[in-house]
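Quick notes on the structure that follows.
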Amino acid sequence: MAIPSDSEAGPNPKPVEELGTESATNDEHRGEDEDEIEEEEEGDDEEEAEEDETPAAQRENINRLFRRLSGGPVRLRVQDIIIRGNTKTKDALIEAEVLDAFRSACSMQELIQAAGLANTRLRQLDIFDSVSITLDSGPSELPGTANVVIDVVEARNPLTGEFGAYSKPEARSWSLEGSLKLKNLFGYGDIWDASGAYGFGQTSEISAGVSLPRFKAISTPLTTRVSLLSQDWLKFSSYKERLLGLSVGLISTGNHDLAYNLTWRNLSDPSHMSSKTIRRQLGHSLLSSLKYTYRIDHRDSDLRPTRGYAFLSTSQFGGLGPDSRILRFIRQEFDVRGAFPLGFYNAAVNFGVAAGAIMPWGKGFMNSTSLSPERFYMGGHSSPICSLGGPTSLLGFKLRGVGPTDERRAILTKHGEDVATTPSGRIASPGGDAIGGNLAVTTFADLSFDLPLKLFRESGVHGHMFLNTGNLVDLTLAEFKNFSFRGFLETFRSSAGFGIIFPTRFFRMEINYCYILKQLQHDHGKTGIQFSFSTP
Amino acid sequence: MEMVDEREEEAKPEVVLVARKGGFGLPTACPVCLPVYCHLRFANVDFKLEFDRANPDSGTCIFAASLPLLPLLLALTLMFIYPCSDHIPYVEYGDYVTFNNEKGGVIECLNEDNVVKLDSQLSKDCFPDWASTKVMISTWLAEAVQYELWVSCDNTIADDIYFSDLPWPIGKILHWKQTQAVKQLHGITKLNAAEKEEEIYRKANIAYEALSMKLGSQVFFFEGRPTSVDSLFLGHAVFVLHVLPETSVLRSSLSKHANLLRFVQDFKIQLLEDSYSSATGPAFSSDASSSSIPRRKGSKQNAKPKPKEKRERTEEEKAFRRRAKYFIAAQVVSIVIYLSILGGMGDSGLEDGDEDGLAYEE
C-alpha cells in the first residue's frame, strides 16, 4: 500500500491521507537520512551493512548516526508503509493500528518512537507470533522520506487454551477456569473464546465471546459475550441465581469502559427455607442495563502500593427498553484510594473510602426497593487494598455477614413435644437471610511495613496493621426523608487487626488476626485468625 | 416461648395466600391456585390475597429427548438454567409457610399441620370413596385442564394468567417451554395427538359423571360438610366455566351436569364474589371445619422429622468439613509461604505500569 507524498502526482489506488509535510533540504541531512535503521524485535538480528564496509566501519557509521540523532531533530517523513507476512490478516487492520502513530512523525526521532508504539499496538492484538518494523530509505527521487516495512508472523496455532485457578471479585470465591481461544479467524483481529469456570460450592459459568480490536468507525475494542451463570447463595440468602446474559463492550480504553448487558435472571429457592423478603423476589426478571466505569490507578503497585492514588466510579442504569416490566434501577459506586510512604522500614499508609447507592425508578419508585441480587453486600475476606471494587470489603466479617437480614422460614416442633421441652423453648428458626442494602459505605486505613528478617524483606513478605469500618442499610426513598446521619454513623461496624502478607506473582495472601470492635445483632463477625486471598 | 409471648403482645400475624394474579372475574385465575383459595374460604379463614407475578412455571419438567436438535439445545439450556419449581400458591402465617410443591400440596400441608381441619374426622366408611374422588379430581380433571390450557386453546388465556407481567421475550420462551413440557408429560406427539386428546376427554367425562352421581342433590360431596374434595372440584369447575372459552370441550362436558353447575353457582357467589364478607361465615355446619389458625404456644403440631434429622446429621458433617478445611488451608498456606519466600515478590505492578504507559496514553 503506497502513501502518496505532496509532490508526487503518481496514481494511488487507495486514497489515504498524507503523512508529513516537509522534506529535508540539507544535503548532508539527506545523505544521512538515507541510511538504513533497523529495529530488532524478538530475537531478530537484522544488521544491514554496505557490502564493502568492515564491521569497524559499520560501527563508525552507527556511532555517527547516533551522534547526529542526539544533536537535534532529523527531518524525515514516511513515504510508504509496506506490510509483509500477513496471509490472513487484513491490511486495513494493521494500517489502522499504525497509521496514527506514523502520521504525526516528521523526524527520525519521532519515527523511532512511533515505530515502538506501533509495534506495541500490533503485539497487543495477540494474533501475531512476532512483529518487526524496519525503517528503510524512501525513493531516491523523494529526498527526506522513509519507508516503513512491517514484517509480521501470524500465529502458527490460532487455537490456544488456558486452565487455572483464579480469584475474582465477580466470582466472590476461588474458581477453576478453563478457556479456549481461536485467534484471527476472519482476519480482522477477531478473537473468539469459550470458557468455563467452576467455583467451589458457589459459582459456575459457561461463556463464549468475540472481541474485535476495531469495528468500522469505532476505533476502540468491541467485545460481545454470551454467558450462562449459576450462583448459589443458599447458605447466605436462601436463593440460587441463574443468569443467561448477553454483554456488549461498547467502549474500552485505559480509563473508560462502557458496556451493555441484557440478562435473563431467575431466582429460586430449592431449600424452601427463604425469608419473606426473598420469597417475594423469587422468579424471572429481565435486566437491560448500561454500565459505565471510569477508573484511574496511579499507585505504584497493585499488590503493595506505597504511593499514589486511585479512583473508581461505576454507574449503572437499568431499564433500557420500551417494556415497563424490565427491571428499573440506578446504581452508583465510588471508590477512592490513596497511599503515601512514611520513609522508614519501607512503611506506607493506605487509606480508602468507598460508597454506593441503588434506587429503583419508574412507577411507585418512592415506596419500592430494588431486588436483592442488585443490592450491596459487605463482608468476606478479600483485602480492601487490592480490589478496587466499591464498598464490599470488611475484614473480620463473613461473606454477606453485614447488613439487613430477614428471618427464615420457621420449623415446627415435633408432634407431641411441648414447646417448653424444646432446647430453646421456642419454635426453631434456622437463622436469617442476608437481603443486602441499598446504601453502603466502607472505609479503611492500613499501615504496611517491612519485617525485621532479611529473608522476608527480600521475598516481599511484609506486615500490616489495619482498621476497617463499614455500614449497610436498607432504605426506600420514602424512608430517606427520615434518614438520620447521626444514626447512620452510630451503626457503623468496625474491625481492627494485624497480619502478615505474602505477595506472589499472581495473588496476595494475608494471614490476619482480626478483632471485631463493633457489630450489630445479626452480623456475622468473628474475632480470630483469618486467611485472605486477593488478586489485583 | 419468649418469642411467642412477644408475638401475642403484638398484632396477631395475618394469614396470607400468595397466588397468581386474578382475571376473568375471579380473584385468582390460575387453576392450581383456585382450589387453595376455595379451601381457605370454605374453612372460613380470614386471609389476605397477594399475587406473585414472576413465577409462571406450573411444575412440569421438560424431557426433551424427542425434540429436534435446535429446540433440544434450547430446552436443555432452559432446563439447566431454570429448573422446574412450582411453589405457587403458598400460605404464610407469620414465619410459618407451606408451599404447593411440598408434601402433596398446600391443602395437604394445611390438613397435616392442623392449620385448616376440613378433612379431619372423616368417617371410616366414606374415607376410601373420599380418597379416590380426590385422586380422580387431582389427576384426570387436572390433566384435562392442563391439556386445554396449554395445548388445545390459543395462547391468549395462558398469557393472560401467567406471562402478562413478565417481559415479552421471557414470557414467549417460557410459554413455549411449558407447552413442550405439557406435551411431554402427556406423551403427545404429532402422530398420536388425536388419540391422546380423546383419552383425556374420555377420562374427564367419566370423572364428571362420577362426581355428578356422587353429589346428587346434596350440598357437599361428603358428610354434608365441605372437605378438600369440594375445594378441589369447585376450583376446577370455576376455572373451566369462567376462563376456558365457550368452544372448550371440557366446558361443554361439565355443562351437561346440572347438579354440578348448581354446586358451582351456589358457592361461587358465596365464596368468590367480591361482595361476600368472610365475617358472615358460610351457611354450613362448622363443627369439623374449625378454621382457627392454632397459636404456636401449646399446640401439638405435626412433626417435620426430615428437617430436624437433616440438622442433626449436618452438624456432624459441618464439624468434619470444618476440620477438613482447616487441614487443607494449613497445607496451602505452608506451600504458599514456601514458594513466596523462595520465589520473591512478583513485579507484575511495574510491568503493567510500563505497558499502560506505552499503549493508549494520550
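Before moving on, here are some points about what is shown:
- Residue B:167 meets the conditions (1) over 18 Å from the mean Cα position of the chain (by Cα); (2) closer than 29 Å to residue B:53 by Cβ; (3) more than 14 Å from chain A (Cβ to nearest Cβ); (4) surrounded by 19 or more Cβ atoms within 10 Å (Cβ to Cβ) in every case but one. The failed one is (3).
- Picking from residues in the stretch A:222-258 that are out of contact with any Phe, Trp or Tyr (no Cβ under 9 Å at 6 or more places or on another chain) and over 19 Å from residue A:398 (Cβ atoms), the one that is surrounded by the most Cβ atoms within 10 Å (Cβ to Cβ) is A:229.
- Checked against (1) farther than 30 Å from residue A:188 by Cβ; (2) buried (at least 16 other Cβ atoms within 10 Å of the Cβ), residue A:78 passes all but a single condition, namely (1).
- In the stretch A:236-254, residue nearest to residue A:373 (Cα to Cα) [restricted to those that are within 11 Å of chain B (Cβ to nearest Cβ) and at pLDDT 90 or above]: A:241
- Screening the stretch A:490-536 for residues that are more than 16 Å from residue A:399 (Cβ to Cβ) and among the aliphatic types (A, V, I, L, M) and picking the one that is nearest to the other protein chains (Cβ to nearest Cβ) gives A:509.
- Just one of the listed residues (A:175, A:104) is of a type outside the set (Val, Ile, Thr) and more than 30 Å from residue A:400 (Cβ to Cβ), namely A:104.
- Check on residue A:93, surrounded by fewer than 20 Cβ atoms within 10 Å (Cβ to Cβ) and away from every other protein chain (no Cβ under 12 Å): no
- Note on the stretch A:432-475: residues that are aliphatic (A, V, I, L, M) and farther than 30 Å from residue A:274 by Cβ total 8.
- Search result, residues across the stretch A:178-200 that are of a type outside the set (A, V, I, L, M), more than 30 Å from residue A:233 (Cα to Cα) and crowded, with 16+ Cβ neighbours inside 10 Å: A:181, A:183, A:184, A:187, A:188, A:189, A:190, A:192
Residues are listed down the side, and each one gets a yes or a no for (1) more than 28 Å from the chain's Cα centre (by Cα); (2) surrounded by 16 or more Cβ atoms within 10 Å (Cβ to Cβ):
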position	(1), (2)
A:450	yes, yes
A:456	yes, yes
A:459	no, yes
A:480	yes, no
A:494	yes, yes
A:497	yes, yes
A:501	no, yes
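- Yes/no for residue A:215 being more than 14 Å from chain B (Cβ to nearest Cβ), touching a helix residue (DSSP H, G or I) at 6+ places or on another chain (Cβ under 7 Å) and among the hydrophobic types (A, V, I, L, M, F, W, C): no
- Filter result for residue A:126 (modelled with pLDDT of 85 or more, of a type outside the set (S, T, N, Q), within 27 Å of the chain's Cα centre (by Cα) and not in a helix (DSSP H, G or I)): yes
- Among the residues of the stretch A:336-376, the ones that are under 27 Å from residue A:301 (Cα atoms) and either of a type outside the set (S, T, N, Q) or not in a loop (DSSP other than H, G, I, E, B) (or both) come to 20 in all.
- Filter pass, residue A:315 being more than 26 Å from residue A:494 (Cα to Cα), in a loop (DSSP other than H, G, I, E, B), assigned by the TED database to the domain that holds residue A:262 and not aliphatic (A, V, I, L, M): no
- Looking at A:469, A:442, just one residue is at pLDDT 80 or above, among the β-branched types (Val, Ile, Thr) and touching a Leu at 6+ places or on another chain (Cβ under 7 Å), and that residue is A:442.
- Considering only residues in the stretch A:134-167 that are small (Gly, Ala, Ser) and assigned to a loop (DSSP other than H, G, I, E, B), the one that is nearest to residue A:121 (Cα to Cα) turns out to be A:155.
- Test result for residue A:476, under 30 Å from residue A:357 (Cα atoms), within 27 Å of the chain's Cα centre (by Cα) and in the same structural domain as residue A:394 (by the TED database): no
- Subset of the stretch A:290-325 (residues that are more than 14 Å from chain B (Cβ to nearest Cβ), within 14 Å of the chain's Cα centre (by Cα) and surrounded by 15 or more Cβ atoms within 10 Å (Cβ to Cβ)): A:291, A:292, A:293, A:311, A:312, A:313, A:314
- When B:174, B:122, B:141 are checked against the criterion of being touching a His at 6+ places or on another chain (Cβ under 8 Å) and over 27 Å from residue A:323 (Cα atoms), a single residue qualifies: B:141.
- Unique residue being in contact with a helix residue (DSSP H, G or I) (Cβ under 8 Å, 6 or more places away or on another chain), surrounded by 15 or more Cβ atoms within 10 Å (Cβ to Cβ), farther than 27 Å from residue B:246 by Cβ and away from chain A (no Cβ under 14 Å) when the list is B:129, B:119: B:119
- If you filter the stretch B:250-295 down to residues that are surrounded by fewer than 17 Cβ atoms within 10 Å (Cβ to Cβ), farther than 12 Å from residue B:234 by Cα and of a type in the set (Lys, Arg), you find that the one that is modelled with the highest pLDDT is B:256.
- Which listed residue is at pLDDT below 85, outside any strand (DSSP E or B) and β-branched (Val, Ile, Thr), from A:94, A:112, A:62: A:62
The values are calculated or read from the model by the stated rules, or taken from the named source; none is laboratory data. Given the structure is predicted, the values throughout are model-derived calculations rather than measurements. Backbone-built Cβ (ideal geometry, glycine too); neighbour counts: all protein chains shown.
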